[in-house]
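In what follows, a single structure is set out as structure tokens and then discussed.
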Amino acid sequence: MDPLAAIRETFFQECDEQLAELESGLLAMEGGDQDPETINAVFRAVHSIKGGAGAFSLEALIRFAHVFETALDEMRSGRLEATSDVLKTMLRASDVLADLVSAAHAGEEGDDPRAATLADELKAMSGGEDDTSESEEDWGDDFDFQPQAVSFEAPAGPTGFVVRFKPRADLYAKANESALLLRELARLGEASVELDAHDVPPINEIDPEAAYLSWTVTLTGDMDETAIREVFEFVDGDCELSIEPIAADEAEAGGEPEFDIGSLLAKVQGDAPAATEEAPAEIEPAAAAEPEPEAAPEPAPTLAVVPKAAAPEAPADALASTGPRKTEAGATIRVDLERVDRLIDLVGELVINQAVLSQRVMEAGLARASAVAMGLDELEQLTREIQDSVMAIRAQPVKSVFQRMPRLVREVAAMTGKPVRLVTEGEGTEVDKTVIERLADPLTHMIRNAIDHGLESPEKRAAAGKPAEGVVKLAAFHRSGRIVIEVSDDGGGINRERVKGIAVEKGLIAADAALSDEEIDNLIFMPGFSTASEVSDISGRGVGMDVVRRSILALGGRINIVSKPGKGSTFTMSLPLTLAVLDGMVVSVANQTLVAPITAIVETLQPKASDVHSLGGHSRVISIRGGFVPLIDIGMALGYRRDPLPATQGVALLIEGEGGARAALLVDAIQGQRQVVIKSLEANYRQVPGVAAATILGDGRVALILDIDTIVSVSRGEMRKAG
Amino acid sequence: MTQIQAQPAQAQAQAAGRRELISFRIGAQEFCVDIMSIREIRGWTAATALPQSPSFVRGVINLRGAVLPIVDLAARLGFESTEASDRNVIIVAQIGDQVVGLLVDAVSDILTVTDDVIQPTPDVASETAKTFVRGLIAMDGRMISLIGLERVLPDHMELEAA
């Protein structure tokens with residue numbers, strides 16, 4: 001990738017973050033958040049997108065972002081009230097902005113009619129004056145691409161500019177010099193310079209590395225803003241800079257250089273006698289350096305020897321009060337996912353190695369209290385901690401996928417004409433990145449379903465005495481080492497009569513089948529089931545809850561539904577926290593050690609001879625609480641033995657596979673449960689039917705992880721052939 | 001020299017025509033493979049059997065965290081299966097982007113030969129010979145077959161037959 005493309009890619013990545021920030025900020029405000037920092041964050045998000053777009057000349061994006069930003073600025077300054085209608089428009093604008101960003105990312109920039117309409121709405125809100133506020137909004141912002149992008153909008157021909165310039169400590173740290181910049185500025189026209197030394201603390205609190213001084217330069221004469229910006233080109237980002245055209249009367253009045261050296265000196269000497277005594281030598285150069293801007297203010301090197309002990313808390317305070325107010329930059333780094341995965345692999349190997357080593361030491365007959373064994377115990381704790389920490393790197397809050405839902409809800413609500421409020425809970429719950437990525441589709445589908453099928457129409461709700469606005473709740477929390485995600489609605493609940501009718505009609509169940517309420521509810525997960533009577537745009541495209549269920553199962557999760565007529569339905573998904581490890585039941589089969597994923601196992605039982613019936617050949621069924629399920633001998637299914645194991649000599653694992661099919665797997669014995677690291681078989685070999693993956697156990701040997709669905713379906717096929 | 005065409009890249013890389021081979025024994029037979037494809041040599045460890053696999057695939061072992069399939073080279077080449085014991089050796093070879101362990105009786109030598117020493121395989125009826133043997137080397141009165149490893153892992157037909 002060439003460097004520019006890489007920067008572009010980074011820009012779009014950042015855009016995604018900014019958009020998320022924007023939306024959550026707007027939603028918080030809609031929820032009544034009046035913290036000025038929230039609106040500032042929202043404003044900054046749009047502003048940064050605009051700035052970046054300017055750098056890449058993404059015209060449509062710049063134009064829309066600019067209008068949006070102007071409206072937000074009006075809101076920030078209190079001229080536009082953040083009413084619910086205004087915020088709704090803003091939320092729609094954030095959707096459009098997101099679309100424009102993705103269009104730009106795909107390189108399909110064009111004029112979106114929606115953007116144009118919304119831009120007009122935004123302009124109307126901000127009172128039409130969207131151009132002139134341009135130059136002031138950079139104050140305090142360190143992201144500045146505008147000049148190239150929007151200079152065409154700057155009104156021509158002011159007679160001068162007022163330049164406010166406040167260096168940050170970084171400016172001096174990078175060996176820049178305010179005096180030189182001011183001198184440069186003075187060359188552009190007639191300049192009067194005003195020093196603001198308000199922020200200079202008493203001498204004993206001065207942080208030698210901080211920047212306290214700022215200047216206001218009134219420039220008169222014929223020049224343009226670009227020329228002024230060029231002066232500050234190299235300190236861009238290291239200072240606060242504002243350039244404003246002079247108001248007509250101000251230009252005439254000019255501005256006398258007001259500079260009160262006396263007061264500064266008084267401040268320096270009067271407020272800090274103690275410091276003066278301790279370090280008299282330092283005062284001189286400092287005082288001499290400050291008064292005249294042209295005389296190179298070099299406080300940093302000269303003051304560097306001021307004894308810090310005299311004012312231990314000063315530096316922090318000084319920085320806090322004078323430094324640029326940065327919203328917590330969140331100390332994060334971007335790391336290639338591959339590197340993290342490699343680290344996880346390595347740690348997985350470390351864990352295995354450690355287990356092997358422990359076992360070897362035990363085998364060698366060393367006492368548990370021996371120094372070696374104790375050292376190993378510590379090693380084990382450390383490795384586990386390392387493993388947890390490494391897994392935590394991949395963990396991300398579900399926020400990233402929850403955040404996509406408000407927009408979906410808005411859109412589906414608009415399409416169905418049902419007012420909906422989305423409530424989210426537990427957005428901070430963390431889970432592996434891969435799980436998050438693969439959650440988006442099922443969640444989208446379930447939320448659509450909840451609104452389309454779950455919620456009643458406003459009329460029906462009114463009739464049922466419910467508020468017109470339906471509520472869809474999305475919640476996440478951790479429970480026993482897994483993440484649980486719930487999607488619930490306060491709609492009518494599942495219409496069991498209809499669900500059963502459809503299932504019979506589609507031949508999914510027998511017409512006279514006696515089903516419990518729970519079983520009827522679960523029919524909606526059957527393939528080819530869709531309750532929408534008309535195929536709508538939103539759901540009912542043949543893919544239904546069975547697809548959701550399958551993708552959840554593929555993630556090693558489970559899903560079920562609880563529905564109360566008239567009260568609503570709740571879908572509960574329980575998912576593993578990571579895909580790199582799996583909770584397994586370690587079993588032995590014909591002298592082989594195998595691992596069965598615990599998620600698939602419903603219960604384990606010791607078959608009684610009277611419960612097992614032969615169907616001829618090697619096909620057997622086992623009766624469990626009145627029903628018959630096929631009994632599959634794993635040893636035979638995998639070709640480890642030729643003759644079936646007598647059922648009473650083994651243990652049966654009752655499992656539920658894809659589509660809810662049940663079967664009992666017969667194994668010789670259960671060794672125990674443990675978390676295993678999943679290893680690919682395909683990397684060096686190929687896929688093996690009946691085997692999902694491999695893992696390495698504590699003794700260093702490879703154990704195969706069963707692919708239960710394949711085993712069940714294969715043995716079904718064989719049964720059919722046999723029958 | 002037709003037999004070199006099997007490894008054209010290598011032939012170019014070693015313009016002088018000198019190559020290093022690692023030789024090993026399977027029963028009374030001696031074979032060799034190009035040393036460049038060998039990653040390491042290790043002792044035998046019991047393998048975990050794989051279902052639905054041809055008999056020459058002995059299973060998989062743990063090689064420092066990676067799952068490594070083990071091919072019984074004797075069975076693969078059409079001899080009797082190896083009775084694996086601690087005296088056996090696994091040659092870990094890189095084949096394409098996969099890593100495979102080859103079960104052999106013992107590693108005997110490293111040979112440095114020039115291409116002209118490698119004689120073309122005479123026409124024989126055996127399919128295995130055509131599939132694996134790339135050439136023959138006569139050395140101190142012994143015959144060493146140079147084998148190519150590209151098709152050591154089972155192909156689709158062999159899997160179905162299993």
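The values are calculated or read from the model by the stated rules, or taken from the named source; none is laboratory data. A quick note: this is a predicted structure, and the numbers were derived from the prediction, not measured. Here the Cβ positions follow ideal geometry from the backbone for every residue, glycine too, while neighbour counts run over all protein chains shown.
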Restricted to the range A:31-75, and to residues that are surrounded by fewer than 17 Cβ atoms within 10 Å (Cβ to Cβ) and among the charged types (D, E, K, R), which residue is farthest from the chain's Cα centre (by Cα)? A:Glu59
Check A:Ser623, A:Ser680 and return the single one that is surrounded by fewer than 18 Cβ atoms within 10 Å (Cβ to Cβ), closer than 28 Å to B:Gly59 by Cα and hydroxyl-bearing (Ser, Thr, Tyr). A:Ser680
For the condition closer than 26 Å to A:Ile520 by Cα and not assigned by TED's automatic domain parsing to the domain that holds A:Ala20, what is the one hit in A:Val435, A:Val484? A:Val484
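Per-residue answers, yes or no, for (1) at the interface with chain A (Cβ under 10 Å from one of its Cβ atoms); (2) under 15 Å from the mean Cα position of the chain (by Cα); (3) on the phi > 0 side of the Ramachandran plot:
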{"residue": "B:Arg25", "(1), (2), (3)": "no, yes, no"}
{"residue": "B:Val33", "(1), (2), (3)": "no, yes, no"}
{"residue": "B:Ile38", "(1), (2), (3)": "no, yes, no"}
{"residue": "B:Asn62", "(1), (2), (3)": "yes, no, no"}
{"residue": "B:Ser81", "(1), (2), (3)": "no, yes, no"}
{"residue": "B:Gly101", "(1), (2), (3)": "yes, yes, no"}
Answer from A:Asp709, A:Asp643, A:Asp633 - the residue that is within 14 Å of chain B (Cβ to nearest Cβ) and farther than 28 Å from A:Arg360 by Cβ: A:Asp633
Answer residue from the range B:45-60, given it is more than 9 Å from chain A (Cβ to nearest Cβ) and not aromatic (Phe, Trp, Tyr) and is surrounded by the fewest Cβ atoms within 10 Å (Cβ to Cβ) among those: B:Ser55
Select from the range A:336-389 the residues that are within 37 Å of the chain's Cα centre (by Cα), among the polar types (S, T, N, Q) and more than 14 Å from chain B (Cβ to nearest Cβ) and list them in ascending order. A:Gln381, A:Ser389
Exception for A:Asp170 within (1) at pLDDT 80 or above; (2) under 14 Å from A:Glu240 (Cβ atoms); (3) surrounded by fewer than 22 Cβ atoms within 10 Å (Cβ to Cβ) falls at (1)
Confirm whether A:Pro644 is part of a loop (DSSP other than H, G, I, E, B) and of a type outside the set (Lys, Arg). yes
Condition first: in a strand (DSSP E or B), in contact (Cβ under 8 Å) with a residue 40 or more places away in the chain and in contact with a helix residue (DSSP H, G or I) (Cβ under 7 Å, 6 or more places away or on another chain). Now tell me which residues in the range A:610-641 satisfy that. A:Ile622, A:Pro630, A:Ile632
Restricting attention to the range B:124-157, report how many residues are acidic (Asp, Glu), free of Cβ contacts under 8 Å to residues at least 12 places away in the same chain and more than 14 Å from chain A (Cβ to nearest Cβ). 2
Of the listed residues (A:Gly78, A:Gly127, A:Gly107), the one being outside any helix (DSSP H, G or I), at positive phi and under 27 Å from the mean Cα position of the chain (by Cα) is A:Gly107
From the residues in the range A:684-696 that are assigned to a loop (DSSP other than H, G, I, E, B) and facing another protein chain (nearest Cβ under 7 Å), which one is surrounded by the fewest Cβ atoms within 10 Å (Cβ to Cβ)? A:Pro689
Pull up the range A:486-512, narrow it to residues that are in contact with a helix residue (DSSP H, G or I) (Cβ under 7 Å, 6 or more places away or on another chain) and over 23 Å from A:Glu459 (Cα atoms), then point me to the one that is modelled with the lowest pLDDT. A:Leu508
